[in-house]
Structure formats: structure tokens, C-alpha cells
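Novice: I am attaching a structure below and will ask some questions about it afterwards.
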Amino acid sequence: MRLSLSTNWFKRETGVEARIDKALELGFGELELGYSTTEEESREYLRLSGRIKIGSVHSFCPVPISAPGGHPELYTLASLNRDARAIAKLHIVRNVEFARTMGADTVVLHAGRVFSYGFFPWSDRVKARRKHGRQMLKTVLPELEELAKKLEESQVTLGLENMPYLEGFPMPEEWPELAQFSKWIKPWFDTGHWRVQECNKWVGPFLESPYSKLEFAGMHLNDVKDFNDDHFAPGGGKVDFKALSAMMKTVPHVVFEPKSHVSEDSLKQGLEIIHDAIS
């Protein structure tokens, strides 16, 4: 199994070559290009791609020239606005082509949100989210059907990431229809995002859910303490990584995704925890 590191961990001032040197020194076998990657950096990663494999690309990467900065939800495919979906689809196709150029086989995507805000009791918000999620499925499926053709042509998988908030799309219960849709569209599992949802009682234990039986494109190792999407290295929060050892051994990409505030020592400790979990 080859562990991967998200480039979002590195400080902005760290050069691409120094990032690759550090990833290799720490023992990582591949990189995930994060959504903060610039056009200039992407050219450097391509030039140095013989030194380390680029396994996955996190949309929207590289940062579009028109955008003020990187963000995973610059554009949302899960939108009721037709123009918004069209723009998102254009950028997803661009990311798929970029992934193929970089030698990556997976694009990670935050599909969008199903809004359920309002002056309602919390239980009514949950009901509204489920109702609107079914509506969003009908809207998004034709867009995914069109994208699937590009994915198959490029031999690139689109991984739809689970989100830590109630509005995130798709929720686990919405995957049965999606899972039968195309082998090029799969769930991407974020450990910390699930933990946050579990703490909020929107989902149950991961390994007891039908969702855990799906075929995943990959996973982000993101540790959290409880209700916040902290993005600590493993060991910095309360996620039980030992329980996920079987999954880590089978998915194509296992990506450490700590935020840049996480120290190198914490990342090294996280690596030890994961190596111990899978040994």
C-alpha cells in the first residue's frame, strides 16, 4: 500500500521541489494535488513528476485564473441553477483532463450542498434535507451521465467526497442510486467528515452502515476531535483508524490531508499510527 500526502499541508512559500523532497523523506509514495495548487506550481509538478507519483487531484485544481484563490466548492455540480451546473461541469472536465496529464487516475470532488436552512426545529431541517436530496438526485444524475463519458474516455475516476455538514451532497443514503450509475463515479471517504456527522447523529457508525460496503475511489485520513472539521494528522483527534485498517488496505488511494498548521512531528506520529494500524 502506498500512502499519499495532500499538497495542502505545505506552507505557501515552500517550493514544489522542496515539497517533493519532504514527502519522500517522510515516506510517502505519492501526492494528491490540493485545491490550492496554482497553475505555476502545476507546471513544476509535471516537470518533476518522474520523482513521485501524482495519484489524485482535488478539485478545483489548478486554481482557475478567474478565481481569487483555491477552494473545493468554487463551483457546485449539485445546484438547482442550470448555469451553475454547466460552469461546474466545465471545470470538472478541465480537472479530469489535468489529472490525465499529471498521470493521476482520480479527481476528488465536493459535489455541492442541498440547503435546508430556515427558522425550523432541527428535526424539520433534517426532513427538509432528505426531501431536497431526492430532488437533487434527479437534477444531478443527467449531469453525471454526461460526465461519465468523459471519465471513461480519460480512464479517470470521479470520487464524490462525503461532507461534514448536513447539507453536503450526496449523503450516504443517496448512494444506492449513484452506485449503480457508472463505474467511473465512486464515493470518496473522509474519516473526519464522517466523525463530525456521527457526533451530530446524522449518521451511525461507519462500519455498520451500508455505505461502508461500497467500492471507494480513495480516502482522506483527517482526524477531528468532535464537531469541528479540524484536519489534524491521525492521532490528533478521536477517529479510530485501527478500525479502518481493512479499508486502508484495499482502496486505491490513502491520502493524509492535514491542514498546514499541523506540525511535521505530528505528521510523523500520524504516520506511525497508520503503519501500526495496517501492520
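Novice: Among S260, S266, which is the only one that is among the hydroxyl-bearing types (S, T, Y), under 20 Å from L26 (Cβ atoms) and within 17 Å of the chain's Cα centre (by Cα)?
Specialist: None of the others qualify; the one that does is S260.
Novice: Which of (1) in contact with a helix residue (DSSP H, G or I) (Cβ under 8 Å, 6 or more places away or on another chain); (2) among the aromatic types (F, W, Y); (3) crowded, with 20+ Cβ neighbours inside 10 Å does F115 not meet, given it meets every other one?
Specialist: (3)
Novice: Here is a further query. Please find, within the stretch 41-74, the residue that is nearest to R85 (Cα to Cα) out of those that are polar (S, T, N, Q) and not in a strand (DSSP E or B).
Specialist: Top of the filtered list is S59.
Novice: What about P205, is it closer than 30 Å to P234 by Cα and loosely packed, with under 14 Cβ neighbours inside 10 Å?
Specialist: Working: closer than 30 Å to P234 by Cα: yes; loosely packed, with under 14 Cβ neighbours inside 10 Å: yes.
The answer is yes for P205.
Novice: Take the conditions at pLDDT 95 or above, buried (at least 20 other Cβ atoms within 10 Å of the Cβ) and of a type in the set (S, T, Y) and apply them to T250. Does it pass?
Specialist: Values: at pLDDT 95 or above: yes; buried (at least 20 other Cβ atoms within 10 Å of the Cβ): no; of a type in the set (S, T, Y): yes.
The answer is no for T250.
Novice: Then there's this: Mind counting the residues in the stretch 99-130 that are assigned to a helix (DSSP H, G or I), more than 20 Å from L160 (Cα to Cα) and modelled with pLDDT under 90?
Specialist: Counting residues in the stretch 99-130 that are assigned to a helix (DSSP H, G or I), more than 20 Å from L160 (Cα to Cα) and modelled with pLDDT under 90 gives 7.
Novice: Can you pull out every residue in the stretch 201-228 that is at pLDDT below 95, out of contact with any helix residue (DSSP H, G or I) (no Cβ under 6 Å at 6 or more places or on another chain) and closer than 24 Å to G34 by Cα?
Specialist: Once the filter is applied, which keeps residues that are at pLDDT below 95, out of contact with any helix residue (DSSP H, G or I) (no Cβ under 6 Å at 6 or more places or on another chain) and closer than 24 Å to G34 by Cα, the stretch 201-228 yields K225, N228.
Novice: Report yes if G236 is touching a residue at least 24 places away in the same chain (Cβ under 8 Å), under 24 Å from V57 (Cβ atoms) and over 17 Å from the mean Cα position of the chain (by Cα), otherwise no.
Specialist: no
Novice: Would you point out the residue of the stretch 220-230, among those that are of a type outside the set (F, W, Y) and surrounded by fewer than 24 Cβ atoms within 10 Å (Cβ to Cβ), that is nearest to V262 (Cα to Cα)? It would help to see each step written out before you state the result.
Specialist: At the first step, the residues of the stretch 220-230 found to be of a type outside the set (F, W, Y) are 220-226, 228-230.
When the remaining residues are screened for being surrounded by fewer than 24 Cβ atoms within 10 Å (Cβ to Cβ), the result is 224-226, 228-230.
Values: V224: 12, K225: 14, D226: 17, N228: 15, D229: 13, D230: 10 Å.
The residue in question is D230.
Novice: Among the numbered criteria (1) under 15 Å from the mean Cα position of the chain (by Cα); (2) farther than 28 Å from S263 by Cβ, which single criterion is violated by G192?
Specialist: G192 satisfies every listed condition except (2).
Novice: In the stretch 154-202, which residues are basic (K, R) and under 23 Å from D226 (Cα atoms)?
Specialist: R195, K201
Novice: List pairs: first residue in the stretch 179-208 and under 19 Å from D223 (Cβ atoms), second residue aromatic (F, W, Y) and not in a helix (DSSP H, G or I) anywhere in the structure, Cβ distance under 7 angstrom, at least six positions apart or on different chains.
Specialist: Close Cβ pairs satisfying both conditions: W188/F216; F189/F216; V196/F227; C199/F227; N200/F227.
Novice: Another question, then. Which of the following residues is in contact (Cβ under 8 Å) with a residue 40 or more places away in the chain, within 20 Å of V255 (Cβ to Cβ) and surrounded by fewer than 21 Cβ atoms within 10 Å (Cβ to Cβ): G168, G159, G103?
Specialist: On inspection, the qualifying residue turns out to be G103.
Novice: Shifting gears a bit: For residues in the stretch 171-183 being in contact with a Leu (Cβ under 8 Å, 6 or more places away or on another chain) and of a type in the set (D, E, K, R), which is surrounded by the most Cβ atoms within 10 Å (Cβ to Cβ)?
Specialist: The residue in question is E174.
Novice: Scan the helices (runs of 4 or more DSSP H) fully inside the stretch 160-267 and keep the ones with 1 or more residues being of a type outside the set (A, V, I, L, M) and touching a His at 6+ places or on another chain (Cβ under 8 Å).
Specialist: Passing ranges, in order: 191-199.
Novice: Follow-up question, since we're still on this one. Is it true that some residue in the stretch 16-33 is in contact with a helix residue (DSSP H, G or I) (Cβ under 8 Å, 6 or more places away or on another chain), over 17 Å from K259 (Cβ atoms) and surrounded by fewer than 14 Cβ atoms within 10 Å (Cβ to Cβ)?
Specialist: yes
Novice: Hey, another quick one. Could we say that F60 is buried (at least 22 other Cβ atoms within 10 Å of the Cβ) and either modelled with pLDDT of 95 or more or closer than 19 Å to D190 by Cβ (or both) here?
Specialist: Criteria met by F60.
The values are calculated or read from the model by the stated rules, or taken from the named source; none is laboratory data. Since this is a predicted model, take the numbers as computed values, not measurements. Because the Cβ atoms are built from the backbone with ideal geometry, glycine has one as well, and the counts that use them run over all protein chains shown.
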